[in-house]
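Taking it in order: structure first as structure tokens, then the write-up.
None of the figures in this text is laboratory data; all of them are computed from the coordinates on show. Note that the structure is predicted; figures quoted are calculated from it, not measured. Glycine also receives a Cβ, built like all others from the backbone with ideal geometry; neighbour counts cover every protein chain displayed.
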Amino acid sequence: MENVTFDYNYCDTNDSDGGILEVCDSDGVNYLGAKISYIYYFMFLFSLVGNGLVLVIIHRFERLTTVTNIFLLNLVMSSLIFMSSLPFHGVYMQLSNWIFGNVMCKIVGSVYYLGFYSSVLFLALLTFDRHLAVVYSLSAPRMRSQRYALLCCAVVWLVSSLACIPSMILYRSFYYAVDNATLCQEVPGGFTDTTVTHLKNSAFYIQLFLFLVFPLIVIVYCYVRIAITVISSKLVTKFKTVRLIFVIVLLFFICWIPYNVVLLTDHGSMDCEEIQRRGYAEQVTRNLAYIYFCISPIFYTFVEKRFQNYFR
């Protein structure tokens, strides 16, 4: 869960006396976030029903031992883990007050990142698996075993869990006297400023390179190879088998790249007006990103002809 800030941003400005500290009011950004957050409950319920339907269909009609279904099953679980944090996030933004206690603050903050990180890696894993099945169709069956799938899933969950450690350490609830409210944010606590800076920087670069740049490179490379293979061989059946994964991956990056671009925007050298504009952009792009986790079950269920028949 990102920092939901209900205090103020500050930026330096100069006056005739040599310089004052200008207070950048963030009430407008917080008000927009509180209004938008009402859709979090709908997204949570829709995701619960949609992902639940996918799980039922896979369990009822598909073999759970196939590599693709094992990856899809774990991707659905990642989405459910992520969406479980949204009701808490919604209540927090609407009340401007964290009412769930310090333990839940740490759990919700960690669950948010666990769901996000694992979803990204499972998408990359699904794409790589499709790449093996299409490009190396003769030798792939020997590699794409159930043991291979379970080992890959275990690695993804381990890496994602380790990446959540900075959030688990820094997230805590605390009383903020200026607003007379309890907040749930990343705060130094008993750590030195240097330690906190290192933790935040490590979390930022891990998210940037391991959970954005690396999956993007893997996915682009795999789909270029898949496209070349399908076009050169004119295998229509193979094109249909990769269509579902391609749509899911394309939708994911359409939803997530704008948000990550906003996060990469330098905050330190901005004036108050730029900080406020960035705040509005972050609210909009963040909720666009959340929508992915809400509507992805539709693509699981209705893009693939086989899933349409199962639904009927």
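Tell me, K305, K200 in order of fewest to most beta-carbon neighbours within 10 Å? Kindly include the intermediate steps, with their values, before the conclusion.
Details: K305 11, K200 14.
Exposure proxy ranking, most exposed first: K305, K200.
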**Spatial separation of Cα centroids for region 138-212 and region 119-135, in angstrom** = 22 Å
**Asked** Pairs of lysine in region 9-311 with Cα under 24 Å and at least 8 positions apart or on different chains: total?
**Response** 4
**Message:** How large is the Kirkwood hydrodynamic radius of region 9-311, counting all unique pairs of alpha carbons, in Å?
**Reply:** 21.3 Å
